[in-house]
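Report on the structure given below.
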Amino acid sequence: MLMSMFAFIPSPIFFGYIIDTTCLVWGKTCTGTGNCWLYNGEALRYILNFTAAGLVVVGTLFDLGVWFYVKDLKIFDEELEME
């Protein structure tokens with residue numbers, strides 16, 4: 001439940017916002033702005049790839065931080081005996 005709240009719900013909203021920033025021509029409806037009719041393909045490619053790469057870098061930094069702080073953690077008090 002907690003994983004879906006912090007990972008699966010904000011992700012489509014975040015990437016949808018990023019995709020919408022590259023829109024060149026918006027459709028019009030009676031109630032306001034409609035769907036995007038034309039995207040800037042080059043900007044869309046760069047923004048999506050750099051955003052995904054940036055999130056991978058942030059995730060890697062968190063993994064390295066966890067590894068650094070728990071490398072001396074002893075889970076068991078005694079070591080396994082080799083027979």
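No lab work stands behind these numbers, since they all come straight from the coordinates. All figures in this text were calculated on a predicted structure; none of them were measured in a lab. Glycine gets a Cβ as well: all are built from the backbone with ideal geometry, and neighbour counts include every protein chain shown.
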Problem - Cys residues of the chain counted as unpaired, since no other Cys beta-carbon is under 4.7 Å - result: C30
Handout entry: Residue-averaged [θ]222 nm for the chain, counting only DSSP H segments that reach four residues, each worth -39500 (n - 2.57)
Key = -17000 deg cm²/dmol
Completion exercise
Taking N as the number of residues in the chain, the ratio of its alpha carbon radius of gyration to 2.2 N^0.38 Å works out to 1.88
Fill in the blank from the handout: Taking Cα atoms only, helix 41-70 is inclined relative to the longest principal axis of the chain by an angle, in degrees rounded to 10, of 20
Exercise for the section: Could you quote the convex hull projected area for the range 1-49, Cα atoms only and averaged over all directions, in nm²? Expected result: 4.4
Handout entry: Cα long-axis angle, helix 10-20 against the chain (0 to 90 degrees, to the nearest 10)
Key = 40
